[in-house]
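There's a structure below that I have some questions on.
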C-alpha cells in the first residue's frame with residue numbers, strides 16, 4: 001500500500017470517504033438532507049482543503065468552521081457525529097494508504113474533529 005503522494009491520491013481518498021459518508025446511517029443526513037450539499041461543488045473544495053493540510057499547498061480558501069456552526073444551528077451536531085466522521089475517515093485511509101502523509105491526514109482529521117465538536121457545541 002502506498003502513501004499519499006499527490007492531488008490525485010487526495011481525490012481518491014476524498015471520493016472514497018464521501019462514498020462512505022453518503023451511505024452512513026448516522027451522518028449522511030447532515031450532507032444530504034440538512035445542507036443538501038451540491039457534490040459537484042463540495043468535492044473540489046475538499047480536495048483543495050486536504051491538499052492544503054497534507055501537502056502544505058495554498059489550494060483551499062474558505063471557513064469550514066463557520067459552515068459547520070451554521071449547519072449545527074439547523075440540526076445539532078453531537079460528539080458522536082464527529083466520532084463517526086473520524087471513524088469513516090480512518091477506515092478510508094487504512095483501506096487505501098499507508099505512510100507518513102497518511103498519518104498526517106489521520107492526525108489532522110483528529111484535530112479538526114475535536115475542534116469542530118467543541119466549537120459547534122457552543123452554538124446549539
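FYI, it's all coordinate maths here, none of it is from the lab. The model shown is predicted, which means the values in this text are computed figures rather than measured ones.
From the helices alone, meaning DSSP H stretches of at least four residues, give me the mean residue ellipticity at 222 nm for the chain, per-run term -39500 (n - 2.57), in deg cm²/dmol to the nearest 500.
Result for the chain, helices only: -23000 deg cm²/dmol.
Mind computing the radius of gyration and Dmax over the alpha-carbon atoms of the chain? Å is fine for both.
Cα only, the chain: 13.9, 41 Å (Rg, Dmax).
Nearest 10 degrees is fine. How inclined is helix 64-74 to the longest principal axis of the chain, computing both from alpha carbons?
Between helix and principal axis, roughly 30 degrees.
Counting alpha carbon pairs within less than 8 Å and at least 6 residues apart, what relative contact order, in whole percent, applies to the stretch 7-121?
32
Compute the acute angle (0 to 90°) between the alpha-carbon long axis of helix 39-55 and the principal axis of greatest extent of the alpha-carbon atoms of the chain; round to the nearest 10°.
With both axes taken from Cα atoms, the answer is about 60 degrees.
Just to confirm the number: angle between the C-alpha axis of helix 79-96 and the first principal axis of the chain, 0 to 90 degrees, nearest 10?
20
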